[in-house]
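**Student:** Sending over a structure as structure tokens; questions will come in a sec.
The values are calculated or read from the model by the stated rules, or taken from the named source; none is laboratory data. Worth saying up front: this structure is predicted, and the values here are computed from it rather than measured. Cβ placement follows ideal geometry from the backbone for every residue including glycine, while neighbour counts extend to all protein chains displayed. The area values use the complete protein model at the heavy-atom level, side chains included, leaving out ligands, DNA and RNA. Shrake-Rupley method; radii C 1.70, N 1.55, O 1.52, S 1.80 Å.
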Amino acid sequence: HMIIKKYPKNWKVGKNTPLTDLDKKILAFQNRGHLVPKRCLIKTHEQIEGIRRSGVVNTGVLDAVAKEIHAGMSTLEIDKLVHDYTVSHGAIPAPLNYDGFPNSVCTSINEVVCHGIPSEDEILEEGDIINVDVSTILDGYYSDASRMFVIGQTTPEKQRLVDVAKECLLIGMEAAKPFGFVGDIGNAIQRHAHKNGYTVVRDLCGHGVGLKFHEEPDVEHFGRKGTGMLLVPGMVFTIEPMINMGGGEVFVDEDDGWTVVTEDELPSAQWEHTFVMTETGLEILSY
Ligand code: MF3
Ligand code: CO
């Protein structure tokens, strides 16, 4: 028999409020059984400008890291750079004390998928690939982006993983259309990863962002077209595919409770932007 998945009726209109064209459009999707965003996920112009300003600082942090990162540097030095740049621009590093996270940035080297904790004892070596994941709060507005950095020269295999992971992000971005679906993004990413012989990490996803660090919707990096939440202009979210050279399985380090590592200890790569959905497609707010 068929299992029909019922979503909550997220789009609400006041009893005596006349329906706008947008209400009619979204209600039509909702009545056909699609998951639609709650009203609060559609950011106002003022909120989007706030998130945009946060994103400018966030991108500035990553540009500063790009200038400084080198073999012989510890990941704790990256943490200090991120912290000092952020604070000197009147902002707060979002990871610091988030759910007990001890530092200002996540630094994830080689087989570490994400959420690596900076350490004085962790020294960057020639050939390492590292994800630096930066998130910023400015005037209460959150932004989130990460990049891969290659330390000196790496192997052709690891370089290709880094490049394809970036392509996955950009292909996911292109797949996101106003009044399309979150599943369109994941489907495009999954196809590109598999075409290149890689796997997608399924245990972690992108997310709404802006008024909080993590909001609805979950943006999975796999899935089927036409499924998941409806994409409406004004929604702000990240896409942040984690692409593995080997299998897609991961585990969390039991000692620190944060570091996510590939099960087979083969390398992983991730890139992340914050986007706002517009009338024509995604606009980047932080990279
Ligand atoms: N920056 C991560 C993300 O992309 C979240 C990290 S949570 C932290 O969503 F606490 F580890 F910072
Ligand atoms: Co994120």
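**Student:** What ³J(HN,Hα) values, in whole Hz, does the Karplus curve 6.51 cos²θ - 1.76 cosθ + 1.60 give for the range 37-50 when θ = phi - 60°, with x put for Gly and Pro?
**Tutor:** So the J values, rounded to whole Hz, are x, 5, 4, 5, 7, 8, 6, 6, 4, 4, 5, 4, 5, x.
**Student:** Follow-up. Using a Cα distance threshold of under 18 Å, what count of lysine pairs results for the range 94-243 when pairs must be 8 or more residues apart or interchain?
**Tutor:** Lysine pairs satisfying the spacing and distance rule in the range 94-243 number 5.
**Student:** Of all the accessible heavy-atom surface of the chain, with the other protein chains kept in place and a 1.4 Å probe, what percent is carbon and sulfur? Kindly include the intermediate steps, with their values, before the conclusion.
**Tutor:** Numbers: 7060 of 13400 Å².
Summing carbon and sulfur atoms, their accessible area is 53 percent of the total for the chain.
**Student:** Starting from the Cα of residue 12, draw a straight line to each of the lysines and keep only those under 17 Å, dropping any in the same chain fewer than 8 residues away.
**Tutor:** Filter leaves 24, 25, 38, 43.
**Student:** How large is the charge dipole for the chain, taken about the Cα centre, if only the Cβ atoms of Lys, Arg (+1) and Asp, Glu (-1) carry charge, to the nearest 20 debye? Provide the component values of the computation, followed by the final result.
**Tutor:** Values: 26 positive and 42 negative charges, 494 e Å.
Value, rounded to 20: 2380 debye.
**Student:** When the Cα centres of the range 183-214 and the range 53-113 are compared, how far apart do they sit, in Å?
**Tutor:** Centre-to-centre distance over Cα atoms comes out at 22 Å.
**Student:** Could you work out Rg/(2.2 N^0.38 Å) for the chain, with Rg from alpha carbons only?
**Tutor:** Taking the Cα Rg and dividing by 2.2 N^0.38 Å, one obtains 1.02.
**Student:** Further question: Can you tell which of 235, 217, 189 lies farthest toward the positive end of the dipole of the range 169-244, using +1 and -1 charges on the Cβ of basic and acidic side chains (Lys, Arg; Asp, Glu)?
**Tutor:** 189
**Student:** Okay, helix-only estimate at 222 nm for the chain: each DSSP H run of n ≥ 4 adds -39500 (n - 2.57), divide by all residues, round to 500 deg cm²/dmol; what do you get?
**Tutor:** -9500 deg cm²/dmol
**Student:** Also, I was wondering about something else. Could you run the Karplus curve 6.51 cos²θ - 1.76 cosθ + 1.60 with θ = phi - 60° over the range 13-21 and give me ³J(HN,Hα) per residue in whole Hz, x for Gly and Pro?
**Tutor:** These are the phi-based 3J(HN,Hα) values: 10, x, 3, 9, 8, x, 6, 7, 4 Hz.
**Student:** For the chain, report the accessible area per residue in Å² (1.4 Å probe, heavy atoms, rounded to an integer).
**Tutor:** Accessible surface, normalised per residue, equals 47 Å².
**Student:** Please compute P(r) over all alpha-carbon pairs of the range 121-270, binned at 10 Å starting from zero, and give each bin as a whole-number percent.
**Tutor:** Over the range 121-270, the share of Cα pairs per 10 Å bin runs 11, 38, 36, 14, 1 percent.
**Student:** Using Cα atoms only, what is the angle between the long axis of helix 182-195 and the major principal axis of the chain, expressed in degrees (0 to 90) to the nearest 10?
**Tutor:** 40 degrees
**Student:** Along the Cα-to-Cβ line of residue 2, 7 Å from the Cα, sits a label point; which residues in the range 20-59 have backbone N less than 20 Å from it?
**Tutor:** 28-36
**Student:** Dipole size in debye (nearest 20) for the range 45-188 around its Cα centre, Lys and Arg Cβ +1, Asp and Glu Cβ -1?
**Tutor:** Magnitude of the dipole: close to 460 debye.
**Student:** Turning to a different aspect of this structure: Based on Cβ point charges of +1 for Lys and Arg and -1 for Asp and Glu, what charge dipole magnitude is obtained for the range 14-76 about its Cα centre, in debye rounded to the nearest 20? Spell out each step's value before the answer.
**Tutor:** Numbers: 10 positive and 6 negative charges, 88 e Å.
For the range 14-76, the charge dipole is close to 420 debye.
**Student:** Okay, moving on. Which one, 89, 149, 64, projects farthest toward the positive side of the charge dipole computed for the chain from Cβ point charges (K/R +1, D/E -1)?
**Tutor:** 89
**Student:** In terms of Cα to Cα distance under 23 Å, which lysines are near enough to residue 80, apart from those fewer than 8 places away along the same chain?
**Tutor:** Counting by Cα, and skipping residues close in sequence, residue 80 has these lysines nearby: 67.
**Student:** Run the numbers for residue 71 and residue 225: contour at 0.36 nm per residue of separation, minus the present Cα-Cα distance, in nm.
**Tutor:** Here the answer is 51.2 nm.
**Student:** Using amide H atoms built 1.01 Å from N in the peptide plane, name the residues 5+ places from residue 215, or on other chains, whose amide H lies under 5 Å from its own.
**Tutor:** Excluding prolines and chain starts, which carry no amide H, the hits are 208, 209.
**Student:** Report the calculated FRET efficiency for residue 12 and residue 280 (r = Cβ-Cβ distance, R0 = 22 Å), to the nearest 0.05.
**Tutor:** Approximately 0.20, to the nearest 0.05.
**Student:** Could you compute the FRET efficiency for residue 153 and residue 212, with r as their C-beta to C-beta distance and R0 at 41 Å, rounded to 0.05?
**Tutor:** Numbers: r = 40 Å, r/R0 = 0.97.
That gives a FRET efficiency of 0.55.
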